[in-house]
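The values are calculated or read from the model by the stated rules, or taken from the named source; none is laboratory data. Predicted model, so just to flag it, every value in this text is computed and none were measured. Don't worry about glycine lacking a Cβ; one is built from the backbone with ideal geometry, like all the others, and counts go over all protein chains shown.
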Amino acid sequence: MKKLAYFDTSHEMPLEIIMAAGFTPFKIMGDVHKSNDPADKYLSSFFCPAASSWLAEALAHSKEWAGIVFAQGCNNTNRHYDIWKVHVETPFLHWFGAPMLEGDSAKKYYRVELQRLINALENKFGVKITPEKIREAIGKSNQIKKKMKQLSGLRSQKDIPNRDYLAAVIKCLTEPVDEVSAWLDSEITRWNAKPAFPSGKKRLLLTGSDVTYPEWMDVLDDCGIRIVRDDLSVGERLFATQIPESSDPLDALIEYYMGIPKPATRPTLKKRLDYLHQVLKDTKIDGVLSQNIKFCEPYAYDSVPVNNALQAEGYKLIHLERMYTPDADQQLANRLMAFVEMMDGGNNG
Amino acid sequence: MDKAKNPADNAERVMMTTLPHAQDLKWPMLWWIGMEKLYRTLPWKKTAWTCAAFPIEIMWIYDIFPDHPENMATVAAARKQSQRLIEHAEGMGFSRDLCSYCKTNIGAYDTKIKKTLGGISKPDMVLCTNAICDTHWKWFQIMADKMNVPFFMLDIPKWVSGTDEKTLEGNIDYVVNQLYDLMAFIEKHTGKKMSEKSMQKVLARSMELTNLWRELYEHRKAVPSPYSGAETSASFFPLVVLPGVQVGINFFKKILADIKNKTAKGEGTMPAGKEKYRVMWEGIPFWYRMRFMYDLAQYGAVISFEPYTFSFAPLKKKCLTIDETLRDVAKLIMDTPYGYNLERRIEHFEKWIDEYKIDGVILHENMSCRPSSAGMIDLAEAIRKDKGVPVLILQCDMNDPRAYSEGQIKTRVEGFIELMEANKKK
């Protein structure tokens, strides 16, 4: 099954429409190990380095994909669509205008945009995206969400390296859904057989900009930190809630995508905090790691009120601004180890 | 650019002749400051913070005073206060990479700096839109939460390159529906009702104001340039907060009369024979360093057109019904030149280069405005290729003086001037 790639700064892309069109949704996440050249020719140095990496990936691999859909997300990268339209060779480039709000006006608009996406895919690829096919895709998506939730829950119980969890999420976002579903079954079995949560490690909630490479996860492990919960898009946002299966499939997608835990690119701050509070209520954690990739504006804005709110409630929290590179992250290890030592010194929450 | 700073050079310094009524800008500003006091004194009057591209007219229709954090941030910069306010906000945890307007406002509010230095008071509500950038709603939401006042955001769909008419109509429908939501929100929080009479009056004045500004820009096509970017950057203030009231109209009429007088005599803003290069400036000015624009005169360059200041005066349609009016408002919010997508930017910039007889283009790649800076490299390439004029991309910041490097900018500007000179000799 051919991949249809999508540009999505959080979890706004209705993957089930791509699946119903007969494609494997493939989230463009770049490659931190490769240079951002030639994307750097079109994007200045003060733009999100992750988004530059995505463009570099598209410039190198777009011919392997059936097409690309851009989902409206981070405002700083929305205008990259225009740049991709000039430079990325692809037979299909579509803008999906996911609304920012979630009232009745936004719901109507969301339906218009869903239908426009469906029409565009049908016209370009000669497929018919029927309600039955969307329902089938929703069912498969929900299976993945259910299994990922099960897997994710084991993070706080078993000895699961941070990178294993990230690898599982990335697999869900890039590989054929049926294969991923079978693989998740075996992973659940494998993770269940692992030893209990290591006594020397700290349980942390990870919030902020997304991580898309495992080296950072290894740094955290090396510092004695296990990420047992998160509110990332390449993370829990993908599987925190289920898509309703009973109603009209487009209504179901509208309800689901407008109701998922909010990223910093969507209002409101309160809703984002509500999810974090729920996570902190559900899972015993030792502290919070707030991270910001250099030039990632939405999370940089949020980090101040979000971190202030959590610290005011007594949570131990560290905020790190990181470059988009696996190497430089080692420099933050000292701060992380000091944070871990500090956690040993008192209670939390 | 420090040529202008050197007293030894003053003897040969080229002085731009600003219009006689440039001084009169203080009247609309004083009116606006006085009105704010009045609105804050009378208990039945309301105030709101708002941002660029928000339909200010709706606020005047409902008798809400529009306070404008961005506008006050520029005041803080012009009064050399922005850096300390930005650093104050950074001390609160806001990153160096975030919008300098936002941080100036956060610093100004937190330090309670006085109004004449860029200070701003707590409003009754916060009304904003993401038409220009998401920073607006992130920033305004943070401040609305902090001040504990109601918050409303207009979500404006993106008009990306290649958007077709049908999609555009769907986008307009969405915005129109939200404008009704906005009216309901205002009515809920003010207890006031929409008055059709007030609406017609405000819209007629708004149209007159923008038409005057557009007419003024028609005269800017004259050679030599009668009115430079150094002047428009200050005088466009009424378009920011006063569309719908009379005071701005009076001010623009005076400017227009001055310009007509100047062009009739064949005079320009530069001394006779000194205008060598007509420059288009794209982006927000360096508010803390407005001298930059005057310093260009030392090289014989005058800023003859700026899409940014032109953006505030869209061509408005006379509409007969509320529905028709709201559709026009919705389209205009999406259609601002400052927010044009790359394809439309290239198309319009090239048209303006011809109309304003532009010799070179300066693009301010603004570290505080990533959306507007996206695509500038492609825009520059297209202009060079299609129009054969030099383009200078200056990476800097609108409100943070720390980003302004005198020596580097001088070197780059001088190189740009040489390119324009060489281009003229071709």
Failed item in (1) facing another protein chain (nearest Cβ under 10 Å); (2) surrounded by 23 or more Cβ atoms within 10 Å (Cβ to Cβ); (3) closer than 30 Å to B:PHE94 by Cα; (4) modelled with pLDDT of 95 or more, with B:ASP400 passing the rest: (1)
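Going residue by residue through the range A:65-82, is there one that turns out to be more than 10 Å from every other protein chain (Cβ to nearest Cβ), in contact (Cβ under 8 Å) with a residue 40 or more places away in the chain, more than 18 Å from B:LEU168 (Cβ to Cβ) and of a type outside the set (A, V, I, L, M, F, W, C)?
Step one: list which residues in the range A:65-82 are more than 10 Å from every other protein chain (Cβ to nearest Cβ), which gives A:65-69, A:71.
Now narrow it down to the ones that are in contact (Cβ under 8 Å) with a residue 40 or more places away in the chain: A:65-69, A:71.
Now drop any that are not more than 18 Å from B:LEU168 (Cβ to Cβ), which leaves A:65-69, A:71.
Add one more test, that the residue is of a type outside the set (A, V, I, L, M, F, W, C), and what stays is A:67.
Checking the range A:65-82: at least one residue is more than 10 Å from every other protein chain (Cβ to nearest Cβ), in contact (Cβ under 8 Å) with a residue 40 or more places away in the chain, more than 18 Å from B:LEU168 (Cβ to Cβ) and of a type outside the set (A, V, I, L, M, F, W, C).
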Residues located in the range A:267-288, provided they are out of contact with any Ser or Thr (no Cβ under 7 Å at 6 or more places or on another chain), surrounded by 15 or more Cβ atoms within 10 Å (Cβ to Cβ) and touching a residue at least 12 places away in the same chain (Cβ under 8 Å): A:PRO267, A:LEU269, A:ARG272, A:LEU273, A:TYR275, A:VAL279, A:LEU280, A:ILE285, A:ASP286, A:GLY287
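State all residues of the range A:289-301 that are within 8 Å of chain B (Cβ to nearest Cβ) and in contact (Cβ under 8 Å) with a residue 40 or more places away in the chain; if no residue qualifies, say none. Steps first, please.
Filtering the range A:289-301 down to residues within 8 Å of chain B (Cβ to nearest Cβ) leaves A:292, A:294-295, A:297-298, A:300-301.
Listed by number, the residues that qualify are A:ASN292, A:LYS294, A:PHE295, A:GLU297, A:PRO298.
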Residue check for A:LYS194: among the charged types (D, E, K, R), over 26 Å from A:PRO298 (Cβ atoms) and buried (at least 18 other Cβ atoms within 10 Å of the Cβ): no
For A:ALA120: the one exception among (1) in contact with a strand residue (DSSP E or B) (Cβ under 6 Å, 6 or more places away or on another chain); (2) of a type in the set (A, V, I, L, M); (3) touching a residue at least 60 places away in the same chain (Cβ under 8 Å): (3)
Hits in the range B:178-198 (condition: in a loop (DSSP other than H, G, I, E, B) and not aliphatic (A, V, I, L, M)): B:GLY191, B:LYS192, B:LYS193, B:SER195
Matching entry among B:CYS133, B:CYS128 (being in contact with a His (Cβ under 6 Å, 6 or more places away or on another chain) and either within 14 Å of chain A (Cβ to nearest Cβ) or of a type in the set (Ser, Thr, Tyr) (or both)): B:CYS128
Identity of the residue in the range B:157-174, of a type in the set (Val, Ile, Thr), touching a residue at least 60 places away in the same chain (Cβ under 8 Å) and at the interface with another protein chain (Cβ under 9 Å from one of its Cβ atoms), that ends up nearest to B:LEU127 (Cα to Cα): B:VAL160
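Let's see how each residue does on (1) within 14 Å of chain B (Cβ to nearest Cβ); (2) over 21 Å from B:SER100 (Cα atoms); (3) touching a Phe, Trp or Tyr at 6+ places or on another chain (Cβ under 6 Å):
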{"residue": "A:ILE285", "(1), (2), (3)": "no, yes, no"}
{"residue": "A:SER303", "(1), (2), (3)": "yes, no, no"}
{"residue": "A:GLN311", "(1), (2), (3)": "yes, yes, no"}
{"residue": "A:TYR315", "(1), (2), (3)": "no, yes, no"}
{"residue": "A:THR325", "(1), (2), (3)": "no, yes, no"}
{"residue": "A:ARG335", "(1), (2), (3)": "no, yes, no"}
Which listed residue is farther than 29 Å from A:LEU43 by Cβ, of a type outside the set (S, T, N, Q) and surrounded by fewer than 20 Cβ atoms within 10 Å (Cβ to Cβ), from B:LYS351, B:LYS357, B:LYS316: B:LYS357
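Taking the condition of a type in the set (Lys, Arg) and modelled with pLDDT under 95, does A:ARG229 pass?
Values: of a type in the set (Lys, Arg): yes; modelled with pLDDT under 95: no.
Here the answer is no, as A:ARG229 does not meet what is asked.
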Those residues of the range B:90-111 which are surrounded by 24 or more Cβ atoms within 10 Å (Cβ to Cβ) and either in a helix (DSSP H, G or I) or more than 11 Å from chain A (Cβ to nearest Cβ) (or both), in sequence order: B:SER100, B:TYR101, B:CYS102, B:LYS103, B:THR104, B:ASN105, B:ILE106, B:GLY107, B:ALA108
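One residue is enough: does the range B:389-396 have a residue meeting the conditions in a loop (DSSP other than H, G, I, E, B) and modelled with pLDDT of 95 or more?
Taking the range B:389-396 as the starting set, the residues that turn out to be in a loop (DSSP other than H, G, I, E, B) are B:389-390.
Subsequent filtering for residues that are modelled with pLDDT of 95 or more retains B:389-390.
Scanning the range B:389-396, I find at least one residue that is in a loop (DSSP other than H, G, I, E, B) and modelled with pLDDT of 95 or more, so the answer is yes.
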Within the range A:1-86, strands (runs of 3 or more DSSP E) holding 2 or more residues that are in contact with a Leu (Cβ under 6 Å, 6 or more places away or on another chain): A:24-27
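When you go through A:LEU101, A:LEU93 one by one, which is the residue that is surrounded by 16 or more Cβ atoms within 10 Å (Cβ to Cβ), closer than 29 Å to A:VAL279 by Cβ, in contact with a strand residue (DSSP E or B) (Cβ under 9 Å, 6 or more places away or on another chain) and of a type outside the set (Val, Ile, Thr)? Give the steps one after another, and end with the answer.
On the way: A:LEU93 fails: closer than 29 Å to A:VAL279 by Cβ.
Step by step, each of A:LEU101, A:LEU93 is checked, and only A:LEU101 is surrounded by 16 or more Cβ atoms within 10 Å (Cβ to Cβ), closer than 29 Å to A:VAL279 by Cβ, in contact with a strand residue (DSSP E or B) (Cβ under 9 Å, 6 or more places away or on another chain) and of a type outside the set (Val, Ile, Thr).
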Residue tally, condition in contact with a Pro (Cβ under 8 Å, 6 or more places away or on another chain) and outside any helix (DSSP H, G or I), over the range B:155-177: 2
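I'd like the full set of residues that are within 12 Å of another protein chain (Cβ to nearest Cβ) and either polar (S, T, N, Q) or surrounded by fewer than 19 Cβ atoms within 10 Å (Cβ to Cβ) (or both), limited to the range A:23-45. Spell out how you get there, then give the answer.
Here is the first cut: in the range A:23-45, the ones within 12 Å of another protein chain (Cβ to nearest Cβ) are A:38-45.
A:PRO38, A:ASP40, A:LYS41, A:SER44, A:SER45, listed by residue number.
Yes/no per residue for (1) part of a helix (DSSP H, G or I); (2) touching a residue at least 40 places away in the same chain (Cβ under 8 Å); (3) in contact with a Phe, Trp or Tyr (Cβ under 9 Å, 6 or more places away or on another chain):
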residue	(1), (2), (3)
B:ILE353	yes, yes, yes
B:GLU365	no, yes, yes
B:ASN399	no, yes, yes
B:ILE409	yes, yes, yes
B:GLY415	yes, no, no
